[in-house]
1. Pick from 352, 169, 24 the residue whose mean-square fluctuation is largest in a GNM of the chain, springs joining Cα atoms under 10 Å.
2. Compute the signed sum of charges (Lys and Arg +1, Asp and Glu -1) over the other residues within less than 14 Å, Cβ to Cβ, of residue 194.
3. For the chain, modelled as a Gaussian network with Cα springs under 10 Å, which listed residue fluctuates most, 289, 364, 259?
4. Using the Karplus curve 6.51 cos²θ - 1.76 cosθ + 1.60 with θ = phi - 60°, what ³J(HN,Hα) values do you get for each residue of segment 8-20, in whole Hz, with x for Gly and Pro?
5. Quick one: Karplus J couplings for segment 193-200, per residue in order, coefficients 6.51, -1.76, 1.60, θ = phi - 60°, nearest Hz, x for Gly and Pro?
6. Rank the residues 213, 41 as a footprinting-exposure proxy: fewest other Cβ atoms within 10 Å of their Cβ go first.
7. Taking the alpha-carbon centroid of each part, what is the distance from segment 153-210 to segment 369-428 in angstrom?
8. Give me the one-decimal Kirkwood hydrodynamic radius in Å for segment 135-215, with the sum taken over alpha-carbon pairs.
Amino acid sequence: MTSRNDQLFAESQKHIPGGVNSPVRAFRSVGGTPRFFERGLGSRVWDADGKEYLDYVGSWGPLILGHAHPDAVRAVQETAALGLSFGAPTARELEMAEFLTAWLPGLDQVRLVSSGTEATMSAIRLARGHTGRDLMIKFEGCYHGHADSLLVKAGSGLLTFGSPSSAGVPADTSKHTLVLDYNDIDQVNRVFAERGGEIACVIVEPVAGNMNLIKPAPGFLACLRENCTRHGAVLILDEVMTGFRTGPKCAQGLYGITPDLTTLGKVIGGGMPVGAFGGKAEIMAKLAPTGPVYQAGTLSGNPVAVAAGLVTLHKVTQPGFFETLTARTQRLVDGLAQAARDAGVPFSAQSVGGMFGLYFRAAPPTSYAEVMACDKESFNRFFHMMLLEGVYLAPSAFEAGFVSAAHSDADIDATIAAAARVFAKLAP
Ligand code: PMP
């Protein structure tokens, strides 16, 4: 008997390319049928066949309060009743901008958009407009959304499908993107020494979360900061994933780096489409309507989306929120690593705040090359066995995972127990 998930996927493939509206959802890398979700509550989701899962994807990061948090849902309902969109300024957008600029030291001004891609794409245009330079530095395996200039040796779905650069990006565009190795300080110093005067900006994930999870090596982010300052380039910390996910002051607070521009998304919308980019006043002043760099959006700062985001931001910045989330995520990765050791499976795991990486290799990777050397086949088997156990992980060996405030200690224990059963079957 085919399942409802199978039926929906078969139908979807007739009407939507690959059956999905974003590639990694298609389970291509792990194989099998993607789960179509019907509802979520707290740490759990239910698929079209009624099967329940503990969810460690959380809509790819935004749902840090868990699914359908009552306060977020209420804010959305109350705001929606007053009108879905105006295409004119609202007090709620001001509230979010005031919150963000007061909260993050490097953010003098901020502009709201509707996705992470819009945030990074706009930040790069702004950095180029501000400096009058074209060259951008990014790092292999980092993903910053699907704007043309960023789809060069990128991460996330591009790694999942084994083609880190996209067709359809003109060579004229990609020639302005220099791709370096994440965590290679010497290489950064060398490139800046040679071409510093041409570099408009460096964009980096302060914790790389789109090639599984890689922590910044000691001194790596500081080296970017120093080089950008010395050579007049704009440092863009892409905190779309790490913002309000790694700590209350984002990764920039955790690692003590003040960028020139910050990009945000995911958590700041609490599951609704909100992105943002902001930074130094002198740079932000270059943006239309005050400056020559154009950027706009029909639904930017959408009141319903911003309402969900504000509820989320207020909760995650409460004292103690990140202490609990960080400890719980740490307990998860420690428990998984111990279960694998007990079973004799080469495996490691680590976390930063509420995000984590799982690796089928003996120690956490520190570079793109090391991530690529992980045992992808073992991950795929692990993924499917965990799915059967009722644990929903990201359907790719190259994605980070997420714990929410709704995940209880009992949820974590149940996940570790499920993994122990799976590792026993995977043991060599
Ligand atoms: N930057 C980073 C670091 C991301 O992780 C993502 C999405 N995973 C993006 C940008 C793009 O965001 P969106 O998918 O909302 O366009």
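1. Comparing 352, 169, 24 in a Gaussian network model of the chain, the most mobile one is 169.
2. On the way: positive: 190, 195, 230; negative: 186, 198.
Cβ neighbours under 14 Å give a net charge of +1.
3. Highest fluctuation among the options: 289.
4. 4, 5, 4, 5, 4, 5, 6, 10, 10, x, x, x, 9
5. Listing the rounded values in order: 4, 7, 10, x, x, 9, 8, 6 Hz.
6. Exposure proxy ranking, most exposed first: 41, 213.
7. Between the Cα centre of segment 153-210 and that of segment 369-428, the gap is 29 Å.
8. 12.9 Å
Rule-based calculations on the coordinates, nothing more; no lab input. Since this is a predicted model, take the numbers as computed values, not measurements. Counting neighbours? That spans all protein chains shown, and the Cβs are built from the backbone with ideal geometry, glycine included.
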